[in-house]
Amino acid sequence: MHKFANPARFLRISRMITPWFFILTAVLLVVGLYWGLFIAPEDYQMGSAYRIIFVHVPASYMSMFCYGFMAVASLVGIIWKHPLADQSARAAAPIGAVFTALALFTGSLWGKPMWGTYWIWDARLTSELVLLFLYFGYMAVWEAVDDRVKAARIAAIVAMVGAVNIPIIKFSVDWWNTLHQPASIMKSGGASIHPDMLWPLLISILAFNLYFVTVVLWRIQSLILRRQIRGLQMRIVEGRQNVEGQNHHG
Amino acid sequence: MASNVNTRASKRKKKRLYLVLTSMSIVVLAVGLVLTALEDSISLFLDPSELVERNIPEGQHIRLGGLVVEDSFKKDQDGLTYYFDVTDGAETVSVTYKGSLPDLFREGQGVVLEGETSNSGLFHATEVLAKHDENYMPKEVMDSLKKRGVYREVEEESI
Amino acid sequence: MLKDKIIMGEYAVFVWSCYGAVIVLMTALAFISWKNKKTDEKKLNALSKQLEEMNKQD
């Protein structure tokens, strides 16, 4: 476990694989979105408006996945005290926030023509909005607390407590009356979406997943590099002080 | 010596793990209790059965949700006022509404209405929102399902 | 035919805005993350060179 979590080894491996992940992400994203926009058949009720599904569902799914990732990484960080775990959680937060914002925005633009409203305070929409604020809160902790060890601990607690919201989002449509419809893909009895529409959707979801892997690896690399930069800066300052001290004595 | 340090470290790890698991269980329990207590206010709407059961007083602003009954939709002569029935399978409520309807509004589909009951038993809606179900399929597939008479059965089952 | 595909009934504004927002935001985030990583790599290299030279002077 600790061997894999060695920052230098992590940097080397992730530098090797990110270009490939990036290319795969770009290709699948283009294929998925093009298929969704132009090839997939129209829905029998919603016509072309349903094409928003090919961005809305992946963004919503990833908004929850990302938070789950942060919560697990935070748990590992708090129990095993490995900095790489805290850095992974921290790196994922802005990505999750972007996915959440996109889920809310695309959902709103889908709701207007179909439901008749941009927004309603039902359990699904409200809990997704809470998720956005959780991401903001998590990122604010890292910005506000100067002591890195303390920041990591507080942020980890925010991530783990906030994770309670994830099952609430997922099951809100089953537990309460909502305007939002129940699940179409991940439900008992198989997906209730025609294969001609399901395939581009699955490709799009895969592309969003790969996007997350690519970008989170870049961001973790950045955080590791910054830690090393701070270390070097300190050594340079110490070196100068030593030289000055010697000069003074001489 | 080294193994001594190791066991002490792993004991601390175990302690932290139990601490996190315990606090998380408490958080989950607390949130669960709050959500159960607030169940009524979290649910977006009442269905017709609940509306009848609870004897909602006239003029109280509520949301009502259900399926629009087939062949119940009528337009007034002014072309702006609509009449239709909303059902949950057990109870049915008649609704009147003046305003514009969302694109997805149709008979057999779910709706969520905002408004109040009147003394005549008619529900005066001030806002109509269409609810979408979780089914997505191409038009041709739907047509052939209807032709084979499969769709009807599915629909009746789901009510 | 192609025109029909692009117009998408009366829903074009909604559909295209969604795809537009997704592409713009995701590209921006990816670019910023990559760019920051590049800058950090350069900074680290410059600093380690500086440290090496300092050590040589000693």
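Starting from 0 in steps of 10 Å, tell me what percent of the Cα-Cα pairs of region A:28-149 lands in each bin.
12, 35, 28, 17, 7, 1
Hey, if you drop one equal point scatterer on each alpha-carbon of the protein assembly as shown and run the Debye formula without solvent, what base-10 log of I(q)/I(0) do you get at q = 0.08 Å⁻¹?
-0.61
Over chain B, what relative contact order in percent results from Cα pairs under 8 Å that are six or more residues apart?
Working: 214 pairs, mean separation 26.7, N = 159.
Worked out over chain B, it gives 17 percent.
Any chance you could list the semi-axes, whole Å, largest first, of the equivalent ellipsoid that the Cα gyration tensor gives for region B:48-134, using √(5λ)? List each step's numbers first, then the result.
Details: eigenvalues 69, 49, 27 Å².
Result for region B:48-134: semi-axes of 19, 16, 12 Å.
Which ³J(HN,Hα) values, rounded to whole Hz and listed in residue order, are derived for region B:44-49 from phi using the Karplus coefficients 6.51, -1.76 and 1.60 in 6.51 cos²θ - 1.76 cosθ + 1.60 with θ = phi - 60°, glycine and proline given as x?
Each residue of region B:44-49 in turn: 6, 8, 9, 8, x, 4 Hz.
Between A:R9 and B:A37, what FRET efficiency follows from the Cβ-Cβ distance if R0 is 35 Å, with the result rounded to 0.05?
Details: r = 50 Å, r/R0 = 1.43.
It comes out at approximately 0.10.
Over the heavy atoms of A:L206, what accessible area does a 1.4 Å probe trace out, to the nearest 10 Å²?
So the heavy atoms of A:L206 present about 90 Å² to solvent.
Which of the residue pairs B:K74/B:K139; A:K170/C:K42; A:K150/C:K35; A:K112/A:K187; A:K81/C:K43 have a Cα-Cα distance greater than 32 Å in the structure shown? Intermediate values should be presented prior to the final figure.
Numbers: B:K74/B:K139 26 Å; A:K170/C:K42 43 Å; A:K150/C:K35 28 Å; A:K112/A:K187 26 Å; A:K81/C:K43 27 Å.
Beyond 32 Å: A:K170/C:K42.
Between B:E53 and B:R106, 0.36 nm times their residue separation minus their Cα-Cα distance comes to what?
Details: separation 53, 0.36 × 53 = 19.08 nm, distance 2.67 nm.
Length difference between fully extended and current span is 16.4 nm.
Within region A:211-233, which residues have the backbone N less than 18 Å from the label spot 7 Å out from C:Q50 along Cα→beta-carbon, could you tell me?
A:225-233
Treating the angle as unsigned and between 0 and 90°, give the value, to the nearest 10°, between the Cα long axis of helix A:53-80 and the longest Cα principal axis of chain A.
30 degrees
Rounded to the nearest 100 Å², what is the sum over both chains of accessible area buried where A meets B, with a probe of 1.4 Å?
3500 Å²
Please compute, over every Cα-Cα pair in region B:29-86, the percentage with a separation greater than 15 angstrom.
Values: 1086 of 1653 pairs.
For region B:29-86, the share of Cα pairs beyond 15 Å comes to 66 percent.
How high is the FRET efficiency between A:E244 and A:A144 when r is their beta carbon distance and R₀ equals 25 Å, given to the nearest 0.05? Walk me through the intermediate numbers first.
Details: r = 35 Å, r/R0 = 1.39.
Computed FRET efficiency for A:E244 and A:A144: 0.10.
For q values of 0.12, 0.15, 0.17 Å⁻¹, compute log₁₀ I(q)/I(0) with the Debye formula on a Cα-only model of chain A, without solvent.
Values returned for q = 0.12, 0.15, 0.17 Å⁻¹ are -0.79, -1.11, -1.31.
How compact and how long is region A:32-82, expressed as Rg and Dmax of its alpha-carbon atoms in Å?
According to the Cα coordinates of region A:32-82, Rg and Dmax are 17.7, 53 Å.
For B:R148, B:R8, A:R51, give the ranking by accessible area with the largest first, probe 1.4 Å. Can you show the working numbers first?
Working: B:R148 165, B:R8 140, A:R51 10 Å².
From most exposed to least exposed: B:R148, B:R8, A:R51.
Report, to the nearest whole %, how much of the accessible area of chain A belongs to carbon and sulfur atoms, 1.4 Å probe, protein only.
Numbers: 7580 of 11230 Å².
C and S atoms contribute 68 percent here.
Which of the trypsin sites (Lys or Arg not before Pro) found in region A:79-152 are in a DSSP loop and have at most 16 neighbouring Cβ atoms, other than their own, within 10 Å? Let's see the in-between values first.
Values: sites: A:K81, A:R90, A:R124, A:R148, A:K150; in loops: A:K81.
Those satisfying the criteria are A:K81.
Sort largest first and round to whole Å: the equivalent ellipsoid semi-axes of chain B, each the square root of five times a Cα gyration tensor eigenvalue. Write out the running numbers ahead of the final one.
Numbers: eigenvalues 502, 119, 34 Å².
Values for chain B, descending: 50, 24, 13 Å.
The values are calculated or read from the model by the stated rules, or taken from the named source; none is laboratory data. Please read all numbers here as calculations on a predicted model, not as lab measurements. Virtual Cβ from ideal backbone geometry, glycine too; neighbours counted across all protein chains shown. SASA here: full protein model, heavy atoms, side chains in, ligands and nucleic acids out. Shrake-Rupley method; radii C 1.70, N 1.55, O 1.52, S 1.80 Å.
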